[in-house]
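Notes follow the structure.
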């Protein structure tokens, strides 16, 4: 276990080396947060409530999803694909540690860094620019939200890892990248809250694993699920995290056998 | 620098064709990329329509009217990306020192960067923008096209692409000075096109002013769209109290002035370029 903790710590430190890029990213996220909150506020001029979201909840959703972008690497993460392309994957496979665990530990370190240096600053910006709806039951909601955030990272990691494995079969991963982007932005509740969709589509999207990446943490933070509903929501998210990680593990083994067949 | 003895426009065309041919060697990958960009953009547009499924208007703008702004912004941006990607991709070249080689070749630096990466695959975004414009003219009821509408639209899309292109040039100039600035520039390029996808009158005063006088996004689509839709703008948003039509027609001048400034800034950045020592 210690080796994984060390990998995570190293990944955190590696992020710290890109301090300037982080600052620029913070600026970009804040700017987009502003651009996207303005039409949303305008939407609430004609009615006080859209599918259970009031103005403050929608504003908070907007800034929250901006702050989650880097935590779940929404715009893509292709480190595994790059090692497959360069052949470095052979060295990674030769390490006496679990291959999926190796990448997961690094991703957790990366996500932890983003939580401290992106998530918190963006929420502060959101609070200053448009005022947020903070949890009314902080002692319950914050721990539940943190659990949900961890599960979101795990689910998104497994999904991104699977997309990366696509590089074993397709030489150019960029086409997979743009289709993957649709899944993680549109189907996840990043572009609009899933509650805004027509009822049938909404229930389908809420059942898919992509909701676990963005919508579920947002729902928990906004306290839109309480008591038994909250437990069920987190259980569903946990279920997706386990299933997706399982598929990623199986996919990795399948792909690695292919590498052996090719002779590396 | 002595005048190059090649005719630059024809050299550009040759390089661009070579680019496209090179891409077409992996035909499936190339077509998948166009499709990927198209699909990603379409879903972003659908997300907007989902919001409009819940409300009839945003600040007095209907779904069709916002779709017009959206489509014009996307079409202009797609053209600008296709021609301006060389400037966008400059940061890694500066970091690796590859850019230094550009400086020793006997061709203008601006031309070399401009010609280095023509991106035909951006047609995916262009088509999506065109579909949004088509939607805006057909929903909820079809609006007939007049010759003047076509003129305003064509002018606006070309003008808008010049404005976005100039922004890419400024971004390139920035990359020559600040090595780690790529994501910062994205705010103005991608952020610019996103901002322009919504009615400018929704935004606060400082943003409106900046989008009129500093980065002239209002000329990309907002003023032309007001003219096309025959909309009345809120007080104080039209510079000098000019009519939307006048502003739409003067947009090419604004775009050329802005491009001129961008080229001057670029040239000065090249003169001052110091490299990274790698």
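All of the numbers you see were taken from the coordinates with simple rules; none came from a lab. Computed from a predicted structure; not experimentally measured. FYI the Cβ positions are ideal-geometry reconstructions off the backbone, even for glycines, and counts take in every protein chain you see.
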Q) Distance from the Cα centre of the stretch A:119-174 to that of the stretch B:108-177, in angstrom? A) 33 Å
Q: May I ask for log10 I(q)/I(0) of the stretch A:1-45 at q = 0.18, 0.32 Å⁻¹, from a Debye sum over the Cα atoms as equal point scatterers with solvent left out?
A: -0.66, -0.98
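What is the diffusion coefficient of the stretch B:8-272 in µm²/s, taking the Kirkwood radius over Cα pairs and the Stokes-Einstein relation at 20 °C with a viscosity of 1.002 mPa s?
Numbers: Rh = 19.4 Å.
Approximately 111 µm²/s, per Stokes-Einstein.
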**Q.** Square roots of 5 times each gyration tensor eigenvalue, C-alpha, the stretch A:2-262, largest first, Å
**A.** 33, 20, 18
(Q) From the C-alpha coordinates alone, can you work out the Kirkwood hydrodynamic radius of the stretch B:18-58, in Å? (A) 12.2 Å
Q: Give, to the nearest whole percent, the P(r) tail of the stretch B:48-103 beyond 16 angstrom, counting all Cα pairs.
A: 61 percent
Q: With a cut-off of 16 Å, note down the residues of the stretch A:200-222 whose backbone N falls inside the zone around a label point 7 Å from the Cα of residue A:142 toward its beta carbon.
A: A:221-222
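At 222 nm, what helix-only mean residue ellipticity would chain B give, in deg cm²/dmol to the nearest 500, using -39500 (n - 2.57) for each DSSP H run of four or more?
Numbers: 12 runs with 195 residues, N = 278.
Mean residue ellipticity at 222 nm (helix-derived): -23500 deg cm²/dmol.
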(Q) Averaged across A:46-52, how many Cβ atoms of other chains sit within 10 Å of each residue's Cβ atom? (A) 2
Q) To the nearest 10 degrees, how steeply does helix B:147-177 sit against the main Cα axis of chain B, on a 0 to 90 scale? A) 40 degrees
Q) For B:199-209, what's the mean count of beta carbons from other chains sitting within 10 Å of each residue's beta carbon? A) 2
(Q) From the gyration tensor of the Cα coordinates in the stretch A:1-93, what semi-axes in whole Å does the equivalent ellipsoid have, largest first, with each one equal to sqrt(5λ)? (A) 38, 15, 14
Q: Can you check how the C-alpha radius of gyration of the stretch B:110-227 compares to 2.2 N^0.38 Å, as a plain ratio?
A: 1.20
Q | Shielding by partners, peptide B:51-62 (average Cβ within 10 angstrom, other chains) | A | 5
Q.
Please report the equivalent ellipsoid semi-axes of the stretch A:196-264, computed as sqrt(5 x eigenvalue) of the Cα gyration tensor, largest first, in whole Å.
A. 34, 14, 9
Q.
Output needed: percent of Cα pairs per 10 Å distance bin for the stretch A:144-189, bins running from 0 to the one holding the longest distance.
A. 25, 46, 23, 6, 0
Q. Can you give the angle from 0 to 90° between the axis of helix B:244-272 and the longest principal axis of chain B, with both taken from C-alpha atoms, to the nearest 10?
A. 20 degrees
Q: Please build a GNM for chain B, connecting alpha carbons under 10 Å apart, and tell me which residue among B:190, B:222, B:135 fluctuates the most.
A: B:190
Q. Hey, if you drop one equal point scatterer on each alpha-carbon of the protein assembly as shown and run the Debye formula without solvent, what base-10 log of I(q)/I(0) do you get at q = 0.06, 0.08, 0.09 Å⁻¹?
A. -0.31, -0.57, -0.73
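Could you work out the helix-only [θ] at 222 nm for chain A, with each DSSP H run of four or more residues adding -39,500 (n - 2.57) and the total divided by the number of residues, to the nearest 500 deg cm²/dmol?
-23000 deg cm²/dmol
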(Q) How tilted is helix A:138-165 with respect to the longest principal axis of chain A? Cα atoms for both, answer in degrees (0 to 90, nearest 10). (A) 40 degrees
